[in-house]
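Trainee: Please find one structure pasted underneath; my questions will follow.
The values are calculated or read from the model by the stated rules, or taken from the named source; none is laboratory data. If you're wondering where the values come from, they're calculated on a predicted model, not measured in any experiment. Cβ sites come from the backbone with ideal geometry, for glycine too, and all protein chains shown count toward neighbours. All accessible areas refer to the heavy atoms of the entire protein, side chains included, with ligands and DNA or RNA removed. Shrake-Rupley method; radii C 1.70, N 1.55, O 1.52, S 1.80 Å.
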Amino acid sequence: MDLFSGTISKLQHSLDYSTAKNNAISNNISNVDTPGYKSQNVVFKDTLENTMATIDAKRTNDRHLSFNQSFSSPYRYVTNHSTTYNHNGNNVDVDKEMAELAKNQIYYNGLIDRINGKFGSLQTVIRGGN
């Protein structure tokens, strides 16, 4: 039996993505002065679109999307080799990274609030509505 129709699982995967993104941003910020360091990013949408193109799922109607959650990770790390901001070959823009960190933190906190709400609903049901 899958509680909440898989919502908890989807929220968990979203938290995993947000944690991976936070790790990449933190790594970029910590290497802002490292000569030759190239910034990394975690991408999700490109990987999802590429994965959906290669996955075949059983469809009961021609209008259904073919989708299967059997892939290992819906995101991947990408290194940006195309730019250089500093004279030492480093391409970390600390202002951009700090903005991405703040955006990711808001996303993460929203996910935590949502998962807490789901567990609160479960707790209410277990207590019988009290």
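Trainee: Stretched out fully, how many nm does the piece from Gln123 to Thr19 gain, at 0.36 nm a residue minus the Cα gap?
Mentor: On the way: separation 104, 0.36 × 104 = 37.44 nm, distance 2.64 nm.
Using 0.36 nm per residue and subtracting the Cα-Cα distance, I get 34.8 nm.
Trainee: Let me ask another. What accessible area, in Å² to the nearest ten, does a 1.4 Å probe give for Lys103?
Mentor: Approximately 120 Å² for this residue.
Trainee: For Ser82, Ser9, give the ranking by accessible area with the largest first, probe 1.4 Å. Show your work: numbers first, answer last.
Mentor: Details: Ser82 100, Ser9 50 Å².
Descending accessible area places them as Ser82, Ser9.
Trainee: Whenever you get a sec, line up Ile112, Ile25 from highest to lowest accessible area (probe 1.4 Å, protein heavy atoms).
Mentor: So the residues, ranked largest to smallest area, are Ile112, Ile25.
Trainee: Here's another thing I want to ask about it. Using a 1.4 Å probe on the protein heavy atoms only, what accessible surface does His81 show? Give it in Å² to the nearest 10.
Mentor: Spelled out: His81, probe radius 1.4 Å, area about 140 Å².
Trainee: For an R0 of 25 angstrom, estimate the FRET efficiency from the Cβ-Cβ distance between Val78 and Ala102 and round to the nearest 0.05.
Mentor: Once rounded, the FRET efficiency stands at 0.75.
Trainee: Rounded to the nearest 10 Å², what accessible area does Leu15 have for a 1.4 Å probe in the complete protein model?
Mentor: Estimated to the nearest 10 Å², Leu15 gives 30 Å².
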